[in-house]
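Take a look at the structure set out below.
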Amino acid sequence: MMTFSKKQFDGMSEEHRRAIIKAGGVITKSGAVNFDDTQVMRERPDPNFPKQIKKFAGSMATWAGSGFKKVQQHVYERRLAICRKCQFWQENGNLGMGKCLKCGCGKGKQWLPHEQCPIGLWGKENT
Ligand code: SF4
């Protein structure tokens, strides 16, 4: 079970929030969101999925530590445009959030200042 605080959840993109709810995330009275990743793992028997969930949780913790900073809109759009031209990008992967076949991440990753492309096509820039 993973829990996203209200602040973490509110800081996610609309697409990301929708995908978590679609995958069974439950919004609590406090606004935090509980997400049973074991159910998703049962439905998606991908041997890499548990590793991706751990990586995702680690990235969320780093993001929380940064004060939930996001890159500027034009940086996000530039990063996403690069992904969309990349041979490893699946637009409909990750419950419609897009998926990089190299790292497993979706469109939310491009918003995070500490993240970078696993093959070096975009980096940690924020301008
Ligand atoms: S993160 Fe890098 S490898 Fe993955 S889809 Fe985007 S550009 Fe391609």
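Every number here is computed from the coordinates shown, using simple stated rules; none is lab data. Everything quoted here is computed from the prediction, not taken from an experiment. Note that each Cβ is placed from the backbone with ideal geometry, even for glycine, and that neighbours are counted across all protein chains shown.
In order along segment 94-104, the phi-based Karplus estimate (6.51 cos²θ - 1.76 cosθ + 1.60, θ = phi - 60°) of 3J(HN,Hα) comes to 6, 6, x, 8, x, 8, 8, 6, 7, 10, x Hz; Gly and Pro are listed as x.
When the alpha carbon gyration tensor of the chain is reduced to an equivalent ellipsoid, the three semi-axes, largest first, read 23, 18, 12 Å.
Just tell me, in residue order, which DSSP H segments of the chain are both 30 angstrom or longer along the helix axis (alpha-carbon based) and at least 0.5 in mean Kyte-Doolittle hydropathy. Numbers along the way, then the final one.
Details: long enough: none.
Result, helices passing both filters: zero.
Taking amide H positions as modeled 1.01 Å from N, with prolines and chain starts lacking one, no residue 5 or more places away or on another chain lies under 5 Å from Glu115. Once a ≥ b ≥ c are taken as the square roots of the eigenvalues of the Cα gyration tensor of segment 51-125, is the result rounded (a/c under 1.5), prolate (a/b larger than b/c) or oblate (a/b not larger than b/c)? Since a/c reaches 1.5 but b/c is at least a/b, the shape of segment 51-125 is classed as oblate. Put a plus charge on the Cβ of each Lys and Arg, a minus charge on the Cβ of each Asp and Glu, and nothing anywhere else: the dipole of the chain about its Cα centre is then about 140 debye. Amide H contacts of Cys105 (H built 1.01 Å from N, in plane; Pro and chain starts excluded): Cys100 sit under 5 Å, all sequence-distant by 5 or more or on other chains.
Taken one residue at a time, the phi angles of segment 115-124 give Karplus couplings (6.51, -1.76, 1.60, θ = phi - 60°) of 8, 8, 5, x, 10, x, 7, 8, x, 8 Hz. Gly and Pro are set to x.
Pairs from the table (Lys102/Lys124; Lys29/Lys124; Lys7/Lys85; Lys22/Lys99; Lys6/Lys102) lying more than 25 angstrom apart at Cα are Lys29/Lys124; Lys7/Lys85; Lys6/Lys102. Extension gain, Ile21 to Lys55: 0.36 nm times the residue separation minus the Cα-Cα distance gives 10.3 nm.
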